[in-house]
Amino acid sequence: MVGTKKIVVIVGFLAFGNAQAQITQGRIVFERKTNLLKKYTDPQFTEMFKDNKTKIDKFEMFFNDTTCVFKPIDSEVQDQFAWATNKNTVYQNLTTKERMSVLDLWGNQVFVKDTVKSKKWQITESTRNIADYECRKAIWQKDDSTRIYAWFSIDIIPSVGPELFSGLPGTILGLATEDGGIIYFATEVKPMTVPVEELTYKVGKNEIYTVNKIRTELESRFASQPWGKRALIDLFRWF
């Protein structure tokens, strides 16, 4: 009888330990909401988006202890405003700190290689629950007029997040601009063994740009256009 009790205690302890184990690899689904009236302020766009001011895009992030990829989920429903938001893909090597961004440039893929940049995050005591995970709030003051809020969970180990974001003691499950114009929130977290093919990319014969080179090239071609400056701000928003 004593032996049976010991076995029950040991099994219970192992089950508790497994329930508390941190996640080191898996898939996270994100929903991004973009307020199009805050993004496009010209009168023509105000009229266009008056009945569809919030655009929802879905993304998925696969990760393990060395690699992470954040990419859009293709919708089966035709989107008449697909052009109104960018849907980029980002690969990060967590060991070498190298990053490859595949920019969605008006239907064309542009490969941009750079390194993971550190951000000066201010971690607060504020918390919220996202996708059933307790998250702490952090703030990044990008510049004098731009503040970014992030919510991260220490229960998911890799220091990664949506788009180009990382650098917190856990995975970012929520991200928002201060004005609420763009908001990302995880809707599903699934621990799993991630297939290698999900974490790799093929450049093929495409040119690989640096951030400065592609920015300079696009500015010379489009910055003088009425819509060009807005498009470039959106494209390089997180760099």
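With respect to the cross-link table entries Lys55/Lys120; Lys87/Lys190; Lys71/Lys113; Lys113/Lys137; Lys58/Lys205; Lys53/Lys213, which display a Cα-Cα separation exceeding 25 Å?
Lys55/Lys120; Lys113/Lys137; Lys58/Lys205; Lys53/Lys213
Per q in 0.23, 0.27 Å⁻¹, report the Debye log10 I(q)/I(0) for region 94-167, using one uniform scatterer on each alpha carbon and no solvent.
Rounded to two decimals, the profile gives -1.12, -1.24.
What trypsin sites (Lys or Arg not before Pro) in region 154-235 are in a loop by DSSP, with at most 13 other Cβ atoms within 10 Å of the Cβ?
Here the sparse-neighbourhood loop sites are Lys202, Lys205.
Taking the beta-carbon count within 10 Å as an exposure proxy, list Val29, Val160, Val112 from fewest neighbours to most.
On the way: Val29 16, Val160 25, Val112 21.
By the 10 Å Cβ count, ascending: Val29, Val112, Val160.
State, to one decimal in nm, how far the label point of Gln109 lies from the label point of Thr41, with both points 7 Å from Cα in the Cβ direction.
3.6
Give the share of C-alpha pairs in each 5 angstrom bin for region 26-213, from 0 to the last occupied bin, in whole percents, shortest bins first.
1, 7, 15, 19, 20, 18, 12, 6, 2, 0
Where in region 207-239 are there GluC sites (Glu not before Pro) that are in a DSSP coil and have at most 10 other Cβ atoms within 10 angstrom of their Cβ?
Sparse-neighbourhood loop GluC sites (Glu not before Pro): Glu207.
So which GluC sites (Glu not before Pro) in region 28-136 pass both tests, a DSSP loop state and at most 15 other Cβ atoms within 10 Å of the Cβ? Let's see the in-between values first.
On the way: sites: Glu31, Glu47, Glu60, Glu76, Glu98, Glu125, Glu134; in loops: Glu76.
For GluC sites (Glu not before Pro) across region 28-136 that sit outside H, G, I, E and B with at most 15 neighbouring Cβ atoms in 10 Å, the list reads Glu76.
Just so you know, all these numbers are worked out from the coordinates, no wet-lab data involved. Being a predicted model, the structure only gives us computed values, none of them experimental. Positions of Cβ are generated from backbone atoms using ideal geometry, with glycine treated the same way; all protein chains shown enter the neighbour counts.
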